[in-house]
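Derivation of every value follows stated rules applied to the coordinates shown; laboratory data play no part. Not measured: the values here are computed from a predicted model.
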């Protein structure tokens, strides 16, 4: 009885192993069918919906403390003007580095303090108006505006979709030339080289209550993406 039980115990795994071996060739045959591999890139234009503008404040005084206090007071006025501007929300203003250094003017040493902020504007067409407001509030320097896309992931998604459509179109042509029909996409890989390129407008103006409004246009950003796709041929 014990010999019979042991023999029965080893027979069951052997049957399962034989069944698996019978199924393997069919699966392997399906995986090694004819395929076509295509690489495609797409570049699309996306309207810019944000603008980043930098404001700087510089003050010179006879002591470090006085220079810092004057710079801080001037920057608070610029911040208040930016906060009150349409399209600037909570968290859209970021302060920068504070710098104080001695400056020799003839035989007199004064201290120059500088500090700046970066403002994100969600109504980029009004960038020129915001620059004028900042200068009128006491800013002594401006950088930008730098126009871009707020939701970069959504922009890249559109570019990836366009690249896949182009890959499928090319693969369909190749499949027809081979006397086959295009099947499902077996593998999809995102290629390197994806990029989002915005545009930058440099504005130079002096501080003053009657600062003019410089003309600015948000324009568009170019978004590029590449995909590698392997399609099945049927």
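Some values worked out for this structure:
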item	result
Of every Cα-Cα pair in segment 49-149, the percent that sits beyond 20 Å	38
DSSP bridge pairs, segment 48-186: antiparallel proportion in percent, nearest 5	100
Alpha-carbon centroids, segment 122-176 and segment 72-103: separation in whole Å	25
Rel. contact order, % - alpha carbon contacts under 8 angstrom, at least six apart, segment 49-149	49
